[in-house]
Amino acid sequence: MDDPFIDSWEQLKPIAGNFPPAAFSFVVSGLAHTVRAIHGDTVAEDIEANETVSDDESRHVSGKQLCLGLKDYAIRRYGRLARTVLRRWNIAETDDFGRIVFTMIEAKQLRKTANDRFEDFCGVFDFDEAFGDRV
């Protein structure tokens, strides 16, 4: 598996806390999924290739948008196992998405706007409801 994120892991490892590399890789892929849904394919491809663009606003998503995009991405990718997979990576609430994102911001692997706050990720949705059994 060729994952450009893994090259960045050494920089994140000291500040990653309880989150494994797969959790960070998931958020990066889920960010591209979310950006694609909101802004289109070209911008998402830049994110997947870990390329920077001069106009960060053209690819910005809010904390809430990202959380909802990550939920959709997890369900599409893992189906009924989404909650189990996320728990394995120590992701149990939307706050954890924020912790991962802000760790990546601290490591200068993601950028934020002046309006972005950790609190934007808090309590966006309930994991049991979002990833519970579907009939």
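Side notes on the structure shown:
- Restricting the first member to region 67-89 and to residues that are part of a loop (DSSP other than H, G, I, E, B), and the second to residues that are hydrophobic (A, V, I, L, M, F, W, C), the beta-carbon pairs closer than 6 Å and six or more apart or on different chains are W89/A22; W89/A23.
- Applying the criterion of being touching a Ser or Thr at 6+ places or on another chain (Cβ under 7 Å) and either in contact (Cβ under 8 Å) with a residue 60 or more places away in the chain or under 21 Å from L12 (Cα atoms) (or both) to the residues of region 115-135, the residue that is surrounded by the fewest Cβ atoms within 10 Å (Cβ to Cβ) is V124.
- Pair list, Cβ < 8 Å and 6+ apart or interchain, from region 1-26 residues that are within 14 Å of Q109 (Cβ to Cβ) and modelled with pLDDT under 85 to residues that are of a type in the set (V, I, T) and open to solvent by 20 Å² or more (accessible area, probe 1.4 Å): F5/V28
- Note on region 99-114: among residues that are among the charged types (D, E, K, R) and part of a helix (DSSP H, G or I), the one that is surrounded by the fewest Cβ atoms within 10 Å (Cβ to Cβ) is E106.
- Hey, K64 open to solvent by 40 Å² or more (accessible area, probe 1.4 Å), assigned to a helix (DSSP H, G or I) and at pLDDT below 90 or not: no
- Extreme residue, nearest to I75 (Cα to Cα), among residues of region 119-135 that are in contact with an Asp or Glu (Cβ under 8 Å, 6 or more places away or on another chain) and part of a helix (DSSP H, G or I): F127
The values are calculated or read from the model by the stated rules, or taken from the named source; none is laboratory data. Predicted model, so just to flag it, every value in this text is computed and none were measured. So basically every Cβ, Gly included, is an ideal-geometry build from the backbone, and we count neighbours across all protein chains shown. Quick note on the areas: whole protein, heavy atoms, side chains included, nothing else; ligands and nucleic acids left out. Shrake-Rupley method; radii C 1.70, N 1.55, O 1.52, S 1.80 Å.
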